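Enquirer: Once you've had a glance at the structure underneath, I'll fire off some questions.
Nothing in this text is a laboratory measurement; each read-out follows from the coordinates by a stated rule. It should be emphasised that the depicted structure is a prediction, and the values quoted were computed from it without experimental measurement. All Cβ positions, glycine included, derive from the backbone under ideal geometry; neighbour counts span all protein chains shown.
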Ligand SMILES: [Zn+2]
């Protein structure tokens, strides 16, 4: 990491900002007086600020919006959505089972509306892993994941135009409804599959998966038979990971994401004395070679910004989407913490990383810039 502060450039940039294409708020920015706080633009050796166009706001505008791209991102872990009212379960809130892995359709729809109203906007998990976070100024990223297959895509039949007719109370049915209702929510989710149970029948599910990846959803790897990879030897890991990628490659070639949701969150860490774990990230099974760019743990809390030191692409955290009266890391507890100063708030430009200078006072909290422009205020 070789970051130089280019204070002079920051001043020039702030004065020249109205000439930058793509600046939506010229009026406010050009009103900045010489004495107003000016954000500092820092750059890495990989970036070329002279040619990179980016949006720059005043320090007050960043502060007023709470822009902080070193803060945390909620990655929700859902399993199955059941067509039920909360009053029909014997468990807390929208939980369908004791531990809250499965959720009622009533609760899931309410979750989505709540995230939207709190200023969260969805983004793809694969973009997060790539450090490409594109949500509007002042809004926060939100990522949805579903484990254990595409059984949340319950098919009633096919429409005349060839699109699937989903049960309106399955996850896909609700997501598609919310997509129409809130076009700016950017509805998307990643589904992690193992084996393929083909609950809609094999031919239908192959078509459903193709439709999903063509319509804003992603499909990733949950191992072939839902095993604890932490307990497997190298050959078994290659088989579990490689054969699942191969199956995805047969159905949706080149359109699946090379990300694994680790069943049971195992292994929790990639320790150097377990070289077999390297097979999770790179291997060849039956002549089919694969790479994995990230692995997800099971639960419990918000995930680090991909830009900070403690972000670990081999152990990405998730929030278990369940209810427990605001305790033990349920949805409410996690979002109360996020909304109380922990949430990533975007500056609207995926090519910049903006945060209060005090948040990186140690100098090493910002670690991965992905070649982006760094702006502090
Ligand atoms: Zn699972």
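Enquirer: Highest GNM mean-square fluctuation, the chain, Cα pairs closer than 10 Å: which of 91, 194, 57?
Expert: With Cα springs under 10 Å in the chain, the top fluctuation among 91, 194, 57 is at 91.
Enquirer: Please give the length that would be gained between residue 90 and residue 202 if that part of the chain were fully extended, namely 0.36 nm times their separation in residues minus their C-alpha to C-alpha distance (nm, one decimal). It would help to have the intermediate numbers written out before the result.
Expert: On the way: separation 112, 0.36 × 112 = 40.32 nm, distance 3.39 nm.
Separation in residues times 0.36 nm, less the Cα-Cα distance, equals 36.9 nm.
Enquirer: Using alpha-carbon positions, what is the distance between the centroids of region 288-312 and region 250-286, in Å?
Expert: Value for the Cα centre distance between the two parts: 12 Å.
Enquirer: Express in nm, to one decimal, how much length is gained between residue 114 and residue 165 on full extension, taking 0.36 nm for each residue of separation and deducting their alpha carbon distance. The partial results should precede the final answer.
Expert: On the way: separation 51, 0.36 × 51 = 18.36 nm, distance 2.57 nm.
So the chain would gain 15.8 nm between residue 114 and residue 165.
Enquirer: Which one of 181, 238, 61 has the biggest mean-square fluctuation once the chain is modelled by GNM with Cα springs under 10 Å?
Expert: Looking only at 181, 238, 61, the biggest GNM fluctuation is shown by 181.
Enquirer: When DSSP beta bridges are limited to those with both residues in region 75-346, what percentage is antiparallel, rounded to the nearest 5?
Expert: 25 percent
Enquirer: Okay, moving on. How far apart, in nm, are the 7 Å Cα→Cβ label points at residue 99 and residue 276?
Expert: With each label point 7 Å from Cα toward Cβ, the separation is 2.3 nm.
Enquirer: When the Cα centres of region 183-231 and region 95-162 are compared, how far apart do they sit, in Å?
Expert: Taking the Cα centre of region 95-162 as reference, the centre of region 183-231 is 13 Å away.
Enquirer: If I fit a long axis through the Cα atoms of helix 171-181 and take the longest principal axis of the Cα atoms of the chain, what angle between them do I get, 0 to 90°, rounded to 10?
Expert: Tilt of helix 171-181: around 40 degrees.
Enquirer: Label residue 362 and residue 286 with points 7 Å out from Cα along Cα→Cβ: what is the distance between them in nm?
Expert: Reported label-point gap for residue 362 and residue 286 is 4.6 nm.
Enquirer: Something else now. If the elastic network links every pair of Cα atoms under 10 Å, which of 203, 176, 83 fluctuates the most in the Gaussian network model of the chain?
Expert: 203
Enquirer: While we're looking at this one, here's another question. Would you calculate a helix-derived [θ] at 222 nm for the chain, using -39,500 (n - 2.57) for each DSSP H run of n ≥ 4 and dividing by the full residue count, to the nearest 500?
Expert: Numbers: 10 runs with 93 residues, N = 377.
The helix-only estimate for the chain comes to -7000 deg cm²/dmol at 222 nm.
Enquirer: Can you classify the chain as rounded, prolate or oblate using the Cα gyration tensor, where a ≥ b ≥ c are the square roots of its eigenvalues, rounded means a/c under 1.5, and otherwise it's prolate if a/b beats b/c and oblate if not?
Expert: Prolate.
Enquirer: Helix 234-251 versus the longest principal axis of the chain: what is the Cα-based angle in degrees, 0 to 90, to the nearest 10?
Expert: 90 degrees
Enquirer: Please determine, in degrees from 0 to 90 and to the nearest 10, the orientation of helix 7-16 with respect to the longest principal axis defined by the Cα atoms of the chain, where the helix direction is its Cα long axis.
Expert: Between helix and principal axis, roughly 90 degrees.
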